[in-house]
Amino acid sequence: MVNRIRVLVILALALCLGLTLIRPGVAERSAAQSAQILNGDFEGAFLAYGNGEVAQYWQAYDLSSPGGAPQFKRSTWVLLHGQASQMFWKDHGLYNAGIMQVIGGAASPAGVRIAANRTFTAHVWMYSVYEGASAAKQPGKILKRIGIDPYGGTNPQSSSVIWTPETLYGQDKEWVRLDCKVEAHASQITLFIEGKNVTMGGQDQVFIDDVTLDEEGVLPVTPTPQRTATPTPTPTPMIDVLRTVSVGRQPKGIAVMPELNRFLVANSGDGSVSRLEGFLDWRQSSFSSNGERPSGVATDPDRCLLYVSNTGSNSVSVFNVCGSANQPAGTIALGEGRHPDGIAVLTTTNTIYVANAGANSVSVINGATLAISKEILVGPLPGQVAVNPKTNKVYVTSRGYPAENDGSVTVIDGNTQTVVKTIGLSYSDLVPAPEAYGVAVSPATNRVYVGSASGKLVIIDGASDNVLRAITPPTSVGLASVAVNPLSDNVFVASAAGNLVFVYDAEADRWLRTLAIGGGQIGGIAVNPLTYLVLVSNTAQNKVSVIRDYGVRQPYHLFLPSVINR
C-alpha cells in the first residue's frame with residue numbers, strides 16, 4: 001500500500017511540476033516570456049466584476065464558497081513586478097475560487113494558437129495573506145494550486161484537469177511559483193489558478209502575478225499578440241464620486257486602515273465613530289467615541305489602534321479596531337479648555353500629536369504609555385496636524401488671530417519634540433495665504449500641502465520647509481481639509497463652505513477635476529493609497545462621499561509601515 005501511494009505521488013508530480021521557488025521578497029522575473037497568455041502580467045485593463053474587478057481576458061469562478069463568492073479586485077500593493085496584480089479575498093468566510101483563461105481556439109486573438117500533441121508548461125506566481133499582513137506567518141491556512149485542462153474545457157471540477165498538489169503550496173506571506181506541465185489534446189487548453197482558505201482568519205487574501213506559458217522546444221515569443229477588434233475598456237476611469245454612505249450626525253474627521261480598506265469617521269453630533277468596510281460594500285457599524293463632540297481621528301495601522309480627539313470633553317480616546325469588535329484601549333485627559341481638533345500619529349516613533357485649538361498648543365502623547373510627554377506652543381487657533389514618517393517631521397496649521405490677516409504652519413522635529421520652524425502665511429509674509437487649516441504630506445515627494453480659508457493651496461518643500469508657491473483652484477472659494485495620494489500624486493482639497501472637492505495633479509502642476517459632493521460644510525477627508533479611494537464627510541447631510549482616484553501611477557511605492565514587506 002505504501003509503495004502504491006509513492007507511485008501515485010511520483011506520477012502526480014511528473015504531470016505537474018511541483019518545483020516551488022520561494023523568495024520572501026522580490027523574485028527574479030522568469031526569462032521565458034510567453035505571448036500566449038493574455039494580460040498575464042496584469043498590467044492591462046481590468047473589467048468590472050460584481051463590486052470589484054477582474055483582469056481582461058481572465059474569467060473569475062467560484063466553487064460554491066459558503067456565504068457567497070470572494071471579491072475580486074485589481075491590487076496595487078502586493079506585487080511581484082509592475083504596478084498591478086489580481087487579488088481576491090473574503091472577510092471572515094471560507095472560499096474556494098480562482099480565475100481561468102482559455103488559450104488558443106477560434107475565440108482567441110490572431111496568432112494565439114495551441115497545437116495538439118505539443119507540451120506546454122504554465123508558470124504562475126502566487127502570494128497569500130492569512131489573518132492580515134501584520135499577523136505572523138501561518139502556513140497551510142490558504143492553499144494554492146494551478147491546473148490545466150488539455151482539452152480546453154472550462155469546468156475546473158472536470159476530471160480532465162491536471163492539477164498541482166495543493167498541499168505543497170500553503171506558504172503564507174511569501175511569493176511562490178507554481179509550474180504545471182501538460183500535453184495538449186486539442187487546439188486549445190485552459191489554465192485554472194485557484195486559492196482556498198481551509199480556516200477563517202479574517203481578510204484572507206490571494207494575489208496572482210506574472211503568469212506565463214512555455215511551449216516545449218519553442219523559443220519564447222517576445223512580441224505582444226494582436227488583440228481583436230473588440231473595444232478595449234479604459235483602464236483608468238475618470239476621477240469621480242462613486243456613491244454616498246450614511247453615517248452618524250455631523251461627521252467630521254476621517255481616518256483609514258489601508259490594508260483593510262476600513263475607514264473610521266468621527267461623528268461630532270452624536271458622540272460616535274462610524275466604521276465603514278470598503279471591501280464589504282461599505283458595511284457600517286458604529287461605537288461610542290467615549291467622549292463629547294469627537295472631531296479628529298487618526299490610525300496606527302501597525303498597532304491596530306484608532307485615536308479620537310474629543311473637543312467637548314478635552315480628551316483623546318484610544319481603540320483597537322482591527323478585529324470584529326472595537327475595543328477601548330484607554331483615554332487621555334488633555335486638560336480643561338484645550339478643545340482638541342486635529343490629530344496625527346507618527347508611527348515611526350509611536351507618538352501622537354493633538355492640536356489644541358483652545359490653548360494654542362500641541363499635546364505630545366507617548367503611544368506606549370498613553371501619557372502626555374510634552375505640550376508645545378504653536379500659533380493661534382491650531383487646526384490640523386500631518387506627519388511625514390520618512391523625515392519624522394510634524395506640521396501643524398494655525399488659523400491665526402485676527403484670522404483674516406494671520407496664519408502659519410509650525411514644523412516640529414518628531415525626534416526631539418522641538419519647533420524647528422514657523423512658516424508665516426499672513427498678508428505681511430512673502431506668500432500670503434491667511435487662515436491656514438487643512439494640511440497633508442506626501443512622503444513620496446516630500447511635499448506639504450496646506451489649504452487656507454483665504455482660497456489658496458500652499459505648496460511647501462519638506463526638505464527646506466520653504467514655501468514654493470500658492471495656487472488658486474478653478475472656483476474662487478475658501479479651502480479647508482486636504483489629503484494627498486502619494487501613489488497618484490493627486491491632492492484632494494475640500495472647499496471651506498462645503499459641496500466642492502478640487503483635485504490637483506501635483507506632478508503635472510494642474511487642476512484636474514472639480515467634484516460636487518453635496519451640501520454642508522466638509523468636516524474631513526482621507527485617502528487610501530492602496531485602493532485609490534477617497535472619503536469626504538458632509539456634515540449637514542450626515543453622509544460621506546466616496547471618490548475614486550485614478551491618475552498617473554508613479555514608479556515608487558508608498559512609504560507606509562503597514563504595507564507588506566516584499
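The values are calculated or read from the model by the stated rules, or taken from the named source; none is laboratory data. No experiment lies behind these values; they were computed from the predicted model shown. All Cβ positions, even for glycine, are placed from backbone atoms using ideal geometry, and neighbour counts span all protein chains on display.
Couple of notes before you dig in:
For every residue, the table says whether it meets (1) more than 20 Å from the chain's Cα centre (by Cα); (2) surrounded by fewer than 19 Cβ atoms within 10 Å (Cβ to Cβ); (3) of a type in the set (Gly, Ala, Ser).
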position: ASN290; (1), (2), (3): yes, no, no
position: GLY296; (1), (2), (3): yes, no, yes
position: SER309; (1), (2), (3): yes, no, yes
position: GLY312; (1), (2), (3): yes, yes, yes
position: SER317; (1), (2), (3): yes, no, yes
position: ALA325; (1), (2), (3): yes, yes, yes
position: ALA333; (1), (2), (3): yes, yes, yes
position: LEU346; (1), (2), (3): no, no, no
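- Residue within region 458-480 that is in contact with a Gly (Cβ under 9 Å, 6 or more places away or on another chain), closer than 30 Å to GLY82 by Cα, in the same structural domain as LEU535 (by TED's automatic domain parsing) and not aromatic (Phe, Trp, Tyr) present: no
- Residues satisfying the stated conditions in region 59-77, i.e. at pLDDT 85 or above and either farther than 18 Å from LEU143 by Cα or of a type in the set (Gly, Ala, Ser) (or both): GLN59, ALA60, ALA69, LYS73, ARG74, SER75, THR76
- Cβ-Cβ contacts under 7 Å between residues 6 or more apart (or on different chains), taken from a first residue in region 167-185 that is in the same structural domain as ILE208 (by TED's automatic domain parsing) and under 15 Å from PRO139 (Cβ atoms) to a second residue that is among the polar types (S, T, N, Q) and assigned to a strand (DSSP E or B), are listed as ASP172/SER128.
- Matching residues, region 40-68, being without any contact (Cβ under 8 Å) to a residue 60 or more places away in the chain, in a loop (DSSP other than H, G, I, E, B) and surrounded by fewer than 18 Cβ atoms within 10 Å (Cβ to Cβ): GLU43, GLY50, SER64, SER65, PRO66, GLY67, GLY68
- In summary, ILE114 fulfils each of the numbered conditions (1) over 24 Å from TRP77 (Cα atoms); (2) in a strand (DSSP E or B) with the single exception of condition (2).
- Tally, over region 335-344, of residues that are part of a strand (DSSP E or B) and either more than 22 Å from the chain's Cα centre (by Cα) or at pLDDT below 95 (or both): 3
- Selection status of PHE42, modelled with pLDDT of 90 or more and either more than 23 Å from the chain's Cα centre (by Cα) or on the phi < 0 side of the Ramachandran plot (or both): no
- Unique residue being without any contact (Cβ under 8 Å) to a residue 60 or more places away in the chain and over 21 Å from TYR550 (Cα atoms) when the list is PRO473, PRO432: PRO432
- Per the listing VAL501, VAL450, the residue uniquely within 23 Å of ASN528 (Cα to Cα), crowded, with 21+ Cβ neighbours inside 10 Å, touching a Phe, Trp or Tyr at 6+ places or on another chain (Cβ under 7 Å) and among the aliphatic types (A, V, I, L, M) is VAL501.
- Looking only at region 157-193, and only at residues there that are assigned to a loop (DSSP other than H, G, I, E, B) and of a type in the set (D, E, K, R), the one that is nearest to the chain's Cα centre (by Cα): LYS173
- Residue identified as assigned by TED's automatic domain parsing to the domain that holds ALA386, surrounded by 15 or more Cβ atoms within 10 Å (Cβ to Cβ) and β-branched (Val, Ile, Thr) among VAL484, VAL420: VAL484
- Region 349-369: number of residues that are within 12 Å of ARG303 (Cβ to Cβ) and part of a loop (DSSP other than H, G, I, E, B): 3
- All of (1) modelled with pLDDT of 90 or more; (2) not in a loop (DSSP other than H, G, I, E, B) hold for THR154 with one exception: (2).
- Qualifying residue in region 253-276 (condition: of a type in the set (S, T, N, Q), within 30 Å of PHE319 (Cβ to Cβ) and modelled with pLDDT under 85): no
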